[in-house]
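Quick note: the coordinates plus some simple rules give every number you see, no bench work behind them. If you're wondering where the values come from, they're calculated on a predicted model, not measured in any experiment. Here the Cβ positions follow ideal geometry from the backbone for every residue, glycine too, while neighbour counts run over all protein chains shown.
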Amino acid sequence: MLRLRLSSSSARCVARVCCEGPSREREATMSGVNAWVVVGGDAAVGSLIETARSLGGQVGAVVVGPRVVAETVAAGGVDRVVWFGEPGGVPVEAYATAVADVVADVVGDGCVVVLGASRPGDRVLLGAVAARLVAAVLTEASSVSAGGDGLVVTHAVSGGIAEESVAVVGALALVLDGGPVPAGGGAVAVEEVAASPLAMTVLETSVSAFERVDLGGAARVVGVGRGLKARGDLAMIEALAGACRAEVGCSRPVAEGLDWLGRDRYIGVSGQHIAPELYFAIGISGQLQHMVGVRGAKTIVAINSDPNALVFKDADYCLVGDLYQIVPALTEVLR
């Protein structure tokens, strides 16, 4: 049965949804909810593990990819890691059925939350698991907590310009931003299992003209916008990034309008959604379309010559002035 009550305003939309089924109900008095993190070839799942831990139950991880990915996740604060072995030339998506089988087997009919990153391969794996568990699926989740007879999830809608709070009873699949995996207190054993992937093989990989980066896994990101005057001035931004061991990202116009950086570095509604420990917003006005892409950042430092720039409303540290003076000075200090 589905019950929906919806109210909205120009700034925020809030919905309450209960999905109930006799085999999936649980009591609100449960001490914790078990969670499984689905990992598709990239260990940038720190935010997923943190969210899973907040639910108070056991946290497991199912990993498709090289062994180093499984070992990184095993040291990230989970209780169990199931690994499908070296994939070779088999793409992540080929393991969708095998991953669904493993999670369904360990979960049984109990209530569980399954989490996956927003990367394409991870979404395919999570979708297969959700279908097998007959789980509700929510994307762009920012928080999850116990509430009523189940869980309450807050997630972005309409491209991130509004949020929805959804109450779910039963199995739940969540898509979250990844984030770097922090070092845990110790690594659990990696359990290798045999799997029969679907008949898929990578035939060719074409390299982009731009150097590709994984902003979702970066602990620090330096973002640059139209406040930069010339493409050659990116060297100044890259110097700052080097000084603080960060990756370089940008607003949409820098990637799609000016073509100064690759589109995999564009942060925003239809681009990358990141959750670094530290984000520099340099010469970025702070429009909503960009800021929703960094809402998971722990700390935001904004540099802008306009004291009324919108970016300062979301920043933890605000530096008002000429970026051509501030950035080199900041780089020198960090070095």
Trypsin sites (Lys or Arg not before Pro) lying in DSSP loop within the stretch 242-299, provided at most 15 other Cβ fall within 10 Å:
Arg245, Lys298
For a quick check: with amide H placed at 1.01 Å from N, whose amide H comes under 5 Å from Ser143's, ignoring anything fewer than 5 positions away on the same chain?
Thr154
Among beta bridges that DSSP assigns inside the chain, antiparallel share in %, nearest 5
30
Ranking of Trp260, Trp83 by count of other Cβ atoms within 10 Å, fewest first
Trp260, Trp83
For Glu71 and Ala187, compute 0.36 nm times the residue count separating them, minus their Cα-Cα distance, and round to one decimal in nm.
41.0 nm
Relative to the first principal axis of the alpha-carbon coordinates of the chain, what is the inclination of helix 323-334, with its axis defined by its Cα atoms, in degrees from 0 to 90 and to the nearest 10?
60
The ³J(HN,Hα) series, computed from each phi in the stretch 295-301 with the Karplus coefficients 6.51, -1.76 and 1.60 at θ = phi - 60°, rounded to the nearest Hz and given as x for glycine or proline, is 5, x, 5, 6, 9, 10, 10
Amide H of Glu163 versus every other amide H placed in the peptide plane: which residues, excluding those fewer than 5 positions away on the same chain, fall under 5 Å?
Cys13, Val157
With θ set to phi - 60°, apply the Karplus curve 6.51 cos²θ - 1.76 cosθ + 1.60 along the stretch 166-173 and write out the HN-Hα couplings as whole Hz, x wherever there is a Gly or Pro.
10, 9, 10, 10, x, 5, 9, 10
Quick one: what are the phi-derived ³J(HN,Hα) couplings along the stretch 307-322, Karplus 6.51/-1.76/1.60 with θ = phi - 60°, whole Hz, x for glycine and proline?
x, 9, 4, 4, 4, 5, 5, 9, 8, 8, 10, 10, 10, 9, x, 6
Once the dipole of the chain is set up from charges on Cβ (+1 Lys and Arg, -1 Asp and Glu), the residue from the list Val327, Pro66, Val90 lying farthest towards its positive end is Val327
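For the chain, what is the convex hull volume of the alpha-carbon atoms per residue, in Å³?
144
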Nonlocal amide H pairs with Trp36, under 5 Å, H built at 1.01 Å
Gly60, Val113, Val114, Leu115
